[in-house]
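Colleague: I'd like to ask some things about the structure below.
Nothing in this text is a laboratory measurement; each read-out follows from the coordinates by a stated rule. Keep in mind it's a predicted model, so treat the numbers as computed, not measured. Reconstructed Cβ throughout: ideal geometry from the backbone, glycine too, with neighbour counts over all protein chains shown.
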Amino acid sequence: MAPRPILVLGGTGFAGRAIVRELVERGHRVRLAARHPALPEWHDASDPLSLVRADIHDEASLAAALEGAGGVVNAVSCYVESRGASFHSVHVAGAARIARVAQQAGISTLVQLSGIGASLDSPSAYVRARADGEHAVLEHFPKATILRPSVLFGPDDAFLTALQGLTRLPLIPLFGRGETRLQPLHVDDLARAVGRLFSSTPPARRLFELGGPEVLSYREILERVMRRQGRHRPLLPVPFLAWRLLAAATGWLPNPPLTRDQVLLMQRDNVVGADAGRCEDLGILPRSLHQTLDTLR
């Protein structure tokens, strides 16, 4: 019998695209699932990749997408709330629905993408929803594996693209003094971690926090981007209170340039903790931010 396919929910998103490619390159049969699925540019007719429409808010579509599958990856995310998608509906109710339907379908492996810092005590609704979602998934699928990546970067990302845009300003505002520490992870290394979980000898751990090889302050990252772009701009410390006021003033817009939760996220370090598995435990030597900056135009 041919091995059962792996369903990647959110397979058209930034992380999902990398995960789909990694699994296909490892020889797995993959179902790319989204509300509007589309084949990636690199797809070849010989690739064991199929498309399926699925909506995490619709249990019937999830059940149909999961039928006959052997594993599922939940890479669906919501960073800015909208009328049709709230943090709770996506990261809590949606994640719980996936786990419940996967358990009922007899799925053997469920990988839930979360984020470093997930905590029920966080002042950020986004972070609390991530933590709530982890608990909801484990309630319905106790043997699920949780992956908490740090901020992701890679080709066509939101992170480095935004920083490149900032370096074009005559004066670059910092969040506070720019001292918040980050441990940026290349999206392909996150995908490699997922691939390792679907290997013939997956690790026994159920919780991983994944970061790159360097812990850098926000200021240091901006300085590196500027050096690579051949630019020099003064960096202006801006109090977090001012950022919160700006977020409050623009948060009502359909696509706000800044949200309260984004400001709150920048007030806390985003680095790997001591009580979870790491890239090294998955046999992954993550690539550095420096290596990717060298490829920027």
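Colleague: I need the semi-axes of the equivalent ellipsoid of segment 1-94: take the C-alpha gyration tensor, multiply each eigenvalue by 5, square-root it, list largest first in whole angstrom. Present the calculation step by step, with values, prior to reporting the outcome.
Modeller: Numbers: eigenvalues 110, 44, 22 Å².
Working through the eigenvalues yields semi-axes of 23, 15, 10 Å.
Colleague: Given the rule -39500 (n - 2.57) for each run of at least 4 DSSP H residues, summed and divided by the residues of the chain, what is its mean residue ellipticity at 222 nm, to the nearest 500 deg cm²/dmol?
Modeller: On the way: 10 runs with 99 residues, N = 297.
Taken over the chain, the calculation gives -9500 deg cm²/dmol.
Colleague: If only Cα atoms are counted, what is the Rg of segment 15-162, and what is its Dmax, in Å?
Modeller: That works out to 15.3, 48 Å for Rg and Dmax.
Colleague: Separate question: Pick from 192, 97, 35: which residue has the top mean-square fluctuation in a GNM of the chain where Cα pairs under 10 Å get a spring?
Modeller: 35
Colleague: If you take the square roots of the eigenvalues of the alpha-carbon gyration tensor of segment 156-296 and sort them as a ≥ b ≥ c, do you get rounded (a/c under 1.5), prolate (a/b over b/c) or oblate? Please list the in-between numbers first.
Modeller: Details: a/c = 2.23, a/b = 1.63, b/c = 1.37.
Note, shape of segment 156-296 comes out prolate.
Colleague: What is the fewest-to-most order of 82, 77 by other Cβ atoms lying within 10 Å of their Cβ?
Modeller: By the 10 Å Cβ count, ascending, the order reads 82, 77.
Colleague: Here's a follow-up. Roughly what would the spin-label model give for residue 227 and residue 161, points 7 Å off Cα along C-beta, in nm?
Modeller: 2.6
Colleague: Can you list, bin by bin at 5 Å, the percent of alpha carbon pairs in segment 119-167, starting at 0?
Modeller: Distribution as computed: 5, 17, 16, 17, 14, 16, 9, 4, 2, 0 percent.
Colleague: To the nearest µm²/s, what D does Stokes-Einstein give for the chain at 4 °C and 1.567 mPa s, using the Kirkwood radius over alpha carbon pairs as Rh? Intermediate results must be reported in sequence, preceding the final value.
Modeller: Numbers: Rh = 19.9 Å.
It comes out at roughly 65 µm²/s.
Colleague: For the pair residue 244 and residue 200, how long in nm is the line joining their label points, each one 7 Å along Cα→Cβ?
Modeller: Each label point is offset 7 Å from its Cα along the Cβ direction, giving 5.5 nm.
Colleague: Name the most mobile residue of 249, 102, 136, meaning the one with the largest mean-square fluctuation, in a Gaussian network model of the chain with Cα contacts below 10 Å.
Modeller: 249
Colleague: Quick one: if you stick a label point 7 Å off each Cα along the C-beta vector at residue 51 and residue 179, how many nm between them?
Modeller: 5.0
Colleague: A further question follows. Within 10 Å of each candidate Cβ there may be at most 12 other Cβ atoms; applying that plus a DSSP loop requirement, which GluC sites (Glu not before Pro) in segment 144-253 survive?
Modeller: Numbers: sites: 179, 209, 214, 220, 223; in loops: 179, 214.
For GluC sites (Glu not before Pro) across segment 144-253 that sit outside H, G, I, E and B with at most 12 neighbouring Cβ atoms in 10 Å, the list is empty.
Colleague: Right, something else. Out of the trypsin sites (Lys or Arg not before Pro) in segment 102-180, which ones are loop residues according to DSSP with at most 14 other C-beta atoms within 10 Å?
Modeller: Numbers: sites: 128, 130, 143, 168, 177; in loops: 143, 168, 177.
Passing both the DSSP loop test and the Cβ count: 143, 168, 177.
Colleague: Which helices count as membrane-span-like in the chain under these terms: full DSSP H, at least 18 Å along the axis by C-alpha, Kyte-Doolittle mean of -1.0 or more?
Modeller: On the way: long enough: 125-140 (22 Å, -0.51).
Helices passing the filter in the chain: 125-140.
Colleague: Restricting to the chain, compute how many DSSP beta bridges are antiparallel as a %, nearest 5. Kindly include the intermediate steps, with their values, before the conclusion.
Modeller: On the way: 4 of 36 bridges.
If I count the DSSP bridges inside the chain, around 10 percent turn out antiparallel.
Colleague: Using all alpha carbons of segment 211-259, what is the percent of pairwise distances in each 5 Å bin, ordered from the shortest bin to the longest?
Modeller: It works out to 5, 17, 15, 15, 17, 20, 10, 1, in whole percents.
Colleague: Picking from 161, 201, 109, which is most flexible by a Gaussian network model of the chain using Cα springs under 10 Å?
Modeller: Looking only at 161, 201, 109, the biggest GNM fluctuation is shown by 201.
Colleague: Just flag the GluC sites (Glu not before Pro) in segment 1-95 sitting in loop per DSSP whose Cβ has no more than 13 other Cβ atoms within 10 Å. All intermediate terms of the calculation are to be shown ahead of the outcome.
Modeller: Details: sites: 22, 25, 41, 59, 67, 81; in loops: 41, 67, 81.
Loop-located and lightly packed - 41, 67.
Colleague: Then there is this: Could you state the principal axis extents of the C-alpha atoms in segment 76-165, from the largest down, to the nearest angstrom?
Modeller: 46, 27, 25
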